[in-house]
Amino acid sequence: MSVEKTEQKSANSKKSKHLGKPAGVAIFWGLGLILALVLINHHNPLADQVTERMKKVSGCVLITFTCAIYAIYYERIMTIPVELFQSRKLIWKLAKNDFKKRYAGSYLGIVWAMAQPVVTVVMYWIVFDKVFDTRSQMVASGLEVPYVLYLTAGLVPWFYFSEAITQGTMALIEYNYLVKKVVFNISILPIIKVIAATFIHVFFVVVLLLVSVGYGYYPSIYTLQIIYYSFCMFMLVLGMSYMTCALVVFIRDLQQIINIALQIGMWATPILWSITMLKTDNMKTLFKLNPLVYVVNGYRSAIYEEVWFWEHFYSSTYFWIFTISMFCIGTLIFRKMRVHFADVL
């Protein structure tokens with residue numbers, strides 16, 4: 001009797017699984033179709049029509065590509081999100097422990113997590129604003145806010161990205177003793193590191209708000225968008241971390257490559273400079289392909305520009321297509337390589 005119940009339960013599980021895939025794929029394709037229709041019908045009378053057409057075509061191609069990957073690899077892609085949801089309590093507990101452990105044993109503890117970025121902001125401000133008078137160049141390009149506020153609003157999300165991708169990449173190597181345990185769900189390790197980096201990010205958001213208040217830019221309804229843009233950064237870096245943490249197990253040089261890429265990315269993102277300083281529209285479009293540009297400019301919109309994120313329609317669409325694609329690819333790579341992690345580590 002118990003054997004029959006087990007077989008019946010297994011059959012029902014398989015049946016629900018097969019029913020779940022068509023529904024999930026249909027919903028995703030439906031959302032993609034809605035987004036594509038909105039994208040096609042969106043019109044900006046002030047924009048160049050040729051550029052508008054290129055953005056619409058590129059957006060539709062990216063939407064189709066993302067939906068196709070999701071449909072083909074649905075079961076593989078959805079495995080990790082389901083595992084994360086089922087382990088949400090354990091993830092939260094381990095993330096808090098990871099954050100506390102990182103600075104355990106030092107006299108100042110968590111203060112060291114705050115000290116280096118704060119010193120970096122002050123140093124950049126002195127060098128670029130006081131010594132080289134970058135402020136005058138920024139004013140010429142249309143910047144009307146204090147340079148230190150502009151700089152801080154750009155550095156806060158950058159510090160978050162840099163910390164999260166660095167820690168997330170090394171998650172499997174740092175917790176190699178857990179990877180070797182058969183019963184432990186290793187898919188939660190990258191998100192633990194990203195959440196731990198979020199704790200530090202919350203502190204810097206508070207610092208950013210204090211700086212803005214000090215210069216007369218008080219919090220408003222637009223400031224709530226910081227939550228949205230923080231979520232954007234969280235999802236972007238999480239998808240990238242699943243890819244990099246899986247690859248670094250087999251290619252240890254990847255850690256150094258990422259460090260170099262972060263140095264280049266610091267200057268390729270309009271943090272110390274303004275994208276309005278670029279002379280041609282083609283150059284601006286090229287730099288906007290960097291998804292971090294969307295988040296960095298978003299923080300500034302939330303603090304002092306008073307612009308809603310949906311007003312940057314094409315940028316928002318491109319960012320989420322890129323982020324979802326990155327998450328899908330990252331989870332697929334992680335899932336394919338996870339069976340070999342314990343042998344290599």
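The values are calculated or read from the model by the stated rules, or taken from the named source; none is laboratory data. Predicted model only: the values in this text are computed from it and were never measured. Here the Cβ is made from the backbone with ideal geometry for all residues, glycine too, and neighbour counts use every protein chain on show.
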TODO: May I ask you to list the residues in region 164-200 that are charged (D, E, K, R) and either outside the structural domain of residue 115 (by TED's automatic domain parsing) or in contact (Cβ under 8 Å) with a residue 40 or more places away in the chain (or both)?
DONE: 180, 193
Task: Boolean, residue 328 is in the same structural domain as residue 145 (by TED's automatic domain parsing) and at pLDDT below 90 - done: yes
Task: Any chance residue 107 is assigned to a loop (DSSP other than H, G, I, E, B), hydroxyl-bearing (Ser, Thr, Tyr) and at pLDDT below 85 - done: yes
- [ ] Please enumerate the residues belonging to region 276-287 that are part of a helix (DSSP H, G or I), over 22 Å from residue 127 (Cβ atoms) and out of contact with any Asp or Glu (no Cβ under 9 Å at 6 or more places or on another chain).
- [x] 282, 283, 284, 285, 286, 287
Open item on the list: Looking at region 150-157, can you tell me whether even one residue there is assigned by TED's automatic domain parsing to the domain that holds residue 302, among the hydroxyl-bearing types (Ser, Thr, Tyr) and modelled with pLDDT under 80?
Closed with: no
- [ ] Could you please let me know if residue 273 is part of a helix (DSSP H, G or I) and more than 17 Å from the chain's Cα centre (by Cα)?
- [x] no
Task: Failed criterion for residue 252 (all others in (1) within 20 Å of residue 333 (Cβ to Cβ); (2) touching a residue at least 60 places away in the same chain (Cβ under 8 Å) hold) - done: (2)
- [ ] Considering each of 144, 83 in turn, give the residue that is acidic (Asp, Glu), in a helix (DSSP H, G or I) and either assigned by TED's automatic domain parsing to the domain that holds residue 215 or modelled with pLDDT of 85 or more (or both).
- [x] 83
